[in-house]
């Protein structure tokens, strides 16, 4: 039970499950067509940028307990550093993308490159323009080429799970951690790649295409020589140092998007469940305007029955016509099957 006396249906009290906002009864009569105004992906390309960093003598904490030794390394994990209270901290792992294109240009004004609001709610889309008249005559898109430079700086945290053994031969597990600096903002780690995209016409549309960029980074750590005896050192006071190799992979995806108005099949409107009870005396307002286009009822919570005309279709099993050819064959009834 949570603080609103609602069951989470989860055996782990520290976790939760998201509410199911959509449901479908399975009846196809509840499915109707509705127009939506969204962005469509015209073309997209995805690629990986790989890098590597070596770390010598990295010190882990806490120290090894007195009288214990390391039997084996169970696992080595990584986590990116991010402090939400200080988003601009240079210790936070940061990716800065610099994109240059050939065959098209970014729209610019007095403040620089024009960026529009993307699906993430922040200015993340760049408007691009090119003379597409030659390819428009052939009914094809216009190719553009680009160069991608990714600058990375900040820290990651490395966790090492160890199996330690005391003087009596009893084994137990212990986790130590250390913070590693990937690069400084003044000297970032730079990864470069080239890409090619196809953009639609800019003359036969009310909108110009936009370039959207997505990126994420992952890290993989291992011992430098995969030998704990050579790569891990323990001082007399129990301090642990290790030599590591950190593999870096940046996954990037670039999209050419255009605004479109399309019709989709819908089973109804999504409605979030209430987490508090109100008195019947109080009339609570809605959050979305009512639909009055005939696709739903006045409350906007469902589709009205009979809003769409029934289309007459052919009967797959039409009744047999009794045609009398005059030869007397119609005077005999069809034999009834005999069930044993």
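Bear in mind these aren't lab numbers, they're just calculated from the coordinates by the rules spelled out. Computed from a predicted model, the values in this text were never measured in an experiment. Note that each Cβ is placed from the backbone with ideal geometry, even for glycine, and that neighbours are counted across all protein chains shown.
Things to note:
- Filtered residue count, segment 52-85, keeping only those that are in a strand (DSSP E or B) and within 23 Å of the chain's Cα centre (by Cα): 4
- Residue satisfying all of: in segment 235-252; closer than 15 Å to residue 162 by Cβ and not in a strand (DSSP E or B); farthest from the chain's Cα centre (by Cα) among these: 238
- Exactly one residue out of 125, 137 is under 30 Å from residue 200 (Cα atoms) and surrounded by 15 or more Cβ atoms within 10 Å (Cβ to Cβ): that is 125.
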